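One structure below.
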Amino acid sequence: MAKTLFIPAALSYQAELSNLSESIKKSAAESKATTSSLATVTELTDKVFAITSSLESAIEKGAEPAELISNMKKLREQVDLLEAELPGDLWPVPTYEEMLFIY
């Protein structure tokens, strides 16, 4: 899910923020909010990508379940943080809020 849903959604949002930032710069203005959001989303996406790669390697080498669970927990933590940064319409799965309040 991380490789096929979360990372692509985050990269799409990064592109939007990057384009917005460039447009703002062209107007001779500055947006600390846009720059900060872009940096945060980029950092979280990089962490999700790195942990996903580490988890894949651990699976391939037949790592112990404890190592796999540790990597999965780390991945979940970073994906949860990423979910909080992306707009709801870009998040590819139901959010925690949506799941809790579905009637």
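Matching residues to (1) touching a helix residue (DSSP H, G or I) at 6+ places or on another chain (Cβ under 8 Å); (2) without any contact (Cβ under 8 Å) to a residue 60 or more places away in the chain; (3) more than 11 Å from residue 2 (Cβ to Cβ):
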| site | (1), (2), (3) |
| --- | --- |
| 41 | yes, yes, yes |
| 47 | yes, yes, no |
| 50 | no, yes, no |
| 56 | no, yes, no |
| 60 | no, yes, yes |
| 64 | no, yes, yes |
| 76 | no, yes, no |
| 87 | yes, no, yes |
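Going by the structure shown, is residue 5 under 21 Å from residue 92 (Cβ atoms), in contact with a Pro (Cβ under 9 Å, 6 or more places away or on another chain) and not aromatic (Phe, Trp, Tyr)?
Yes; evaluated as a whole, the condition is true for this residue.
Scan segment 78-89 for residues that are over 11 Å from the mean Cα position of the chain (by Cα) and either under 13 Å from residue 40 (Cα atoms) or aliphatic (A, V, I, L, M) (or both) and report the count.
Count: 0.
Applying the selection to segment 4-27, what residues are touching a helix residue (DSSP H, G or I) at 6+ places or on another chain (Cβ under 9 Å) and either exposed (fewer than 13 other Cβ atoms within 10 Å of the Cβ) or aliphatic (A, V, I, L, M) (or both)?
7, 9, 10, 11, 17, 20, 24
Filter segment 52-72 down to the residues that are closer than 22 Å to residue 15 by Cβ and surrounded by 16 or more Cβ atoms within 10 Å (Cβ to Cβ) and list them by number.
Once the filter is applied, which keeps residues that are closer than 22 Å to residue 15 by Cβ and surrounded by 16 or more Cβ atoms within 10 Å (Cβ to Cβ), segment 52-72 yields only 52.
Only the coordinates and a few stated rules stand behind these numbers; no lab work does. None of the values given here were measured: they were computed from a predicted structure. Here the Cβ is made from the backbone with ideal geometry for all residues, glycine too, and neighbour counts use every protein chain on show.
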